[in-house]
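Notes to accompany the following structure.
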């Protein structure tokens, strides 16, 4: 079985540009979580989605950040008008919804110049 | 706000030594997961503990969940250089929708 896939693995954006991060969960998994790992900090929860629904976005910055998980296709984390402070590793994790174990993708390393 | 305090943050030992990593909280968790993360990669799930007092073994790694489900430990016996990496504990709080609260991580270095 393919694991959780994320792309791109590395993304460089200039300040003010948009960043789109994609996550394809494991086959059979319908729940996706996004986490952010800032330099020298631990992983922090951002948003929890099921197909076509945002369940919990309490960890998302109020502005510039949005997430979706459409019926077809990967989950997308979108960051508009990026700033240097957005530079981080962004991970998604998926689970079946029956088991509580989350499986992580390899992450997208976003660098804002 | 639920927090997980993980210690130590850094650990450098010689091959063959034993070590223990701790995760502590004032909150109760429905489950606790241990991950290992290599540089440039995502966390890889090692084990999940669910029941208070539960002990799970994975080769030379022993994981324990506290009786009150507020703390956990990871013990490695006879550490090897291949054990080098970042170890993370993550708690799943009650009624939190499954979102994980992560500890700060323990950076383990095992020297040959």
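If I ask for residues that are assigned to a strand (DSSP E or B) and facing another protein chain (nearest Cβ under 8 Å), which ones from the range B:24-41 would you list?
Of everything in the range B:24-41, those that are assigned to a strand (DSSP E or B) and facing another protein chain (nearest Cβ under 8 Å) turn out to be B:30, B:31, B:33, B:35.
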* Structure fact -> Selection from the range B:75-105 of residues at the interface with chain A (Cβ under 7 Å from one of its Cβ atoms), more than 10 Å from the chain's Cα centre (by Cα) and not in a loop (DSSP other than H, G, I, E, B) yields B:92, B:100
* To do: Test residue A:10 against the criterion of being within 26 Å of residue B:36 (Cα to Cα) and at pLDDT below 95, and give yes or no.
  => no
* Tell me which residues, restricted to the range B:42-74, are surrounded by fewer than 17 Cβ atoms within 10 Å (Cβ to Cβ), out of contact with any helix residue (DSSP H, G or I) (no Cβ under 9 Å at 6 or more places or on another chain) and assigned to a loop (DSSP other than H, G, I, E, B). => B:50, B:51, B:52, B:53, B:59, B:67, B:68
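Specify the residue that is farthest from residue A:15 (Cα to Cα); the eligible residues are those in the range A:66-103 that are in a strand (DSSP E or B) and at pLDDT below 95.
A:95
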* Select from the range A:19-42 the residues that are in a loop (DSSP other than H, G, I, E, B) and within 11 Å of chain B (Cβ to nearest Cβ) and write down the one among them that is farthest from residue A:93 (Cα to Cα). => A:40
* Enumeration of residues in the range A:87-112 that are touching a residue at least 60 places away in the same chain (Cβ under 8 Å) and over 11 Å from residue A:21 (Cβ atoms) -> A:93, A:94, A:95, A:96, A:97, A:102, A:103, A:104, A:106, A:111, A:112
* **Those residues of the range B:31-71 which are on the phi > 0 side of the Ramachandran plot and touching a strand residue (DSSP E or B) at 6+ places or on another chain (Cβ under 7 Å), in sequence order** => B:53, B:69
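Take the residues in the range A:46-60 that are part of a loop (DSSP other than H, G, I, E, B) and more than 13 Å from the chain's Cα centre (by Cα); name whichever of them is nearest to the other protein chains (Cβ to nearest Cβ).
Looking only at the range A:46-60, we keep the residues that are part of a loop (DSSP other than H, G, I, E, B), and these are A:51-52, A:57-60.
Pick out the ones that are also more than 13 Å from the chain's Cα centre (by Cα) and you get A:51-52, A:58.
Values: A:51: 15, A:52: 17, A:58: 8 Å.
Once the filter is applied, the top-ranked residue is A:58.
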* Asked: In the range A:104-113, how many are within 14 Å of another protein chain (Cβ to nearest Cβ) and either loosely packed, with under 14 Cβ neighbours inside 10 Å or not in a loop (DSSP other than H, G, I, E, B) (or both)?
  -> 5
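The values are calculated or read from the model by the stated rules, or taken from the named source; none is laboratory data. From a predicted model like this one, the values you see are computed outputs, not experimental measurements. Backbone-built Cβ (ideal geometry, glycine too); neighbour counts: all protein chains shown.
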